[in-house]
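Written below as structure tokens is the structure these notes are about.
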Amino acid sequence: MTAKAVAPVMGEDMPILIGLNREELAAAMAEVGVPERQRRMRASQLWHWLYVRGVSDFSYMTNIAKDLRAKLAETFSLARPEIVDEQISVDGTRKWLFRFPPRGAGRPVEVETVYIPEEGRGTLCVSSQVGCTLTCTFCHTGTQKLVRNLTSEEILSQILLARDRLGDFPDATTPQGTVVPSEGRLVTNVVMMGMGEPLYNFENIKKALLIASDGDGLSLSKRRITLSTSGVVPEIFRTGDEIGCSLAISLHAVNDELRNVLVPINKKWPLKDLLEACRNYPGLSNAKRITFEYVMLKGINDSNKDALELVRLLKGIPAKINLIPFNPWPGSEYECSDWERIEEFSDIVNRAGYASPIRTPRGRDIFAACGQLKSASERMRKKDRDAIAVGA
């Protein structure tokens, strides 16, 4: 199938069908004159082509009449984001820089998306915002001011285009030499751990992830979709109740004094409130544990005392603790803990009954590792955006 190779690049000229739910797709069919009794059926056909077959050209939708395909092509777009850059790490990790339309930012915006191949699974790290408001001091993304939220379509498009590039749709071929799981689907897991704080963009995230987990479409298991938050407490319960995905907490400290520095959102929602929200997460059980992410910073949060306090804090919460060796970036003041220190920290947590795997750094050579993602996008000043609008 060659449709994906010549996919149109996303623009703002026509509405894009990607990211619409079933009801909205049916409403879109009304705009091109589809009789009411046929709209649900046509919407189901489109859904199949978009999310099962991965088609980005109406002409390939062979079970839809030619005249209707022509009307759809005249009215709507299936465009993918522009690929500005694609980098491949020595360990097989891939990082894409995707460009989206301005949509209020004044100029086109860019985000980074990362694919991490492992034995038995392939994990796609998806961005939710252009930039970030949180200013976590160990995170490179936090040095980029928030430009805007991504739409549900832009969130889904990262998944679709990654699967395009990997050959993960039916009738597609994986590029020779690409590092992928040896069998099965190539994108098996999605983690909302890219640029931005997902729970500051809740409605678009919810819409995108419900489409991604729909059993008749992309069909990603909700247990294989993980949303990571720095602690937007009011939206945590809604995440479990309305989306039903797995939850990860960007923790990184065991007391409010340090977490206020590392993760400043803690000043608004301190550890007591955050952990209470975790205990009340819908569906929480030993089979559905919360993942706590803990970046290992030399001399900052990596002592045996910190490990013991971490165990005490999480008592009663079904949890897994991911220990993340700090990934350096230009200008950072932090250093990664020594490997022996990380292992001793992990041993203490393990002995207390918690799984505490040490995350293997991936894609460091292309700045694709945890905490390293950033784009050059900036929001234009309002007067400059207005000048462009007048000129257009």
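Each value in this text was obtained by applying a stated rule to the coordinates, not by laboratory testing. Fair warning: this is a prediction, and the values are worked out from it, not measured in the lab. When we count neighbours, we look across all protein chains shown, and the Cβ atoms used for this are built from the backbone with ideal geometry, even at glycine.
Averaging over every viewing direction, what projected area does the convex hull of the Cα atoms of the range 88-242 cover, in nm²?
10.0
Between the listed residues Asn327, Leu274, Leu313, the Cα displaced farthest toward the positive end of the dipole of the range 260-349, a dipole computed from Cβ unit charges relative to the Cα centre, is found at Leu274.
In debye, nearest 20: dipole of the range 192-287 around its Cα centre with unit charges on the Cβ of K, R (+) and D, E (-)?
Numbers: 11 positive and 11 negative charges, 29 e Å.
Computed about the Cα centre, the dipole is about 140 debye.
What residue among Leu68, Leu78, Leu227 has the largest mean-square fluctuation in a Gaussian network model of the chain, using Cα springs under 10 Å? Fluctuation is largest for Leu68.
Among 307-314, 143-150, the peptide with the highest mean count of other Cβ atoms within 10 Å heads the list, and the full ranking is 143-150, 307-314. Modelled label positions at Glu203 and Glu309, each set 7 Å beyond Cα in the direction of Cβ, lie 4.0 nm from each other. Computed from the alpha carbon atoms alone, the convex hull of the chain holds 150 Å³ per residue. By the count of other C-beta atoms within 10 Å, a proxy for reagent exposure, His140, His48 are ordered fewest to most as His48, His140. Rounded to the nearest 20 debye, the dipole magnitude of the range 3-75 is 400 debye, with +1 charges on Lys and Arg beta carbons, -1 on Asp and Glu beta carbons, and the Cα centre as origin. Put simply, the C-alpha atoms of the range 253-349 give a gyration tensor, and the ellipsoid matching it has half-axes of 23, 17, 12 Å, longest first.
Expressed as a rounded percentage, what relative contact order does the chain have, with Cα pairs under 8 Å and six or more residues apart? Can you show the working numbers first?
Details: 763 pairs, mean separation 63.4, N = 392.
Contact order relative to length: 16 percent.
Among Ala172, Ala73, Ala287, the residue with the largest mean-square fluctuation in a Gaussian network model of the chain, with springs joining Cα atoms closer than 10 Å, is Ala287.
Panel order for Trp49, Trp339, by other beta carbons found within 10 Å of each beta carbon, from fewest to most: Trp339, Trp49. Among the listed pairs Lys145/Lys267; Lys272/Lys315; Lys206/Lys315, those whose Cα-Cα separation exceeds 24 Å are Lys206/Lys315.
To the nearest 20 debye, what charge dipole does the chain have about its Cα centre, counting +1 at the Cβ of each Lys and Arg and -1 at the Cβ of each Asp and Glu? Working shown, then result.
Details: 51 positive and 49 negative charges, 148 e Å.
With Lys and Arg at +1 and Asp and Glu at -1, about 720 debye.
Computed over neighbours whose Cβ is under 13 Å from that of Pro282, the net charge equals +1, Lys and Arg +1, Asp and Glu -1. Here the Gaussian network model covers the chain, with springs between Cα atoms less than 10 Å apart; of Cys336, Cys125, Cys245, Cys336 fluctuates the most.
How much length is gained if the chain between Arg121 and Ala30 is pulled fully straight, taking 0.36 nm per residue apart and subtracting their Cα-Cα distance, in nm to one decimal?
Details: separation 91, 0.36 × 91 = 32.76 nm, distance 4.03 nm.
Here the segment from Arg121 to Ala30 would lengthen by 28.7 nm.
Stretched out straight at 0.36 nm per residue, the stretch from Thr133 to Ala352 would grow longer than its current Cα-Cα span by 75.3 nm.
Got a sec? How would Val90, Val349, Val84 order by Cβ neighbour count within 10 Å, fewest to most?
Values: Val90 9, Val349 22, Val84 15.
Ranked by crowding around the Cβ, least crowded first: Val90, Val84, Val349.
Would any residue of the range 35-54 have its amide N under 12 Å from a label point 7 Å out along Cα→Cβ of Ala65? List them or say none. Only 35, 38 fall inside the zone, counting backbone N under 12 Å.
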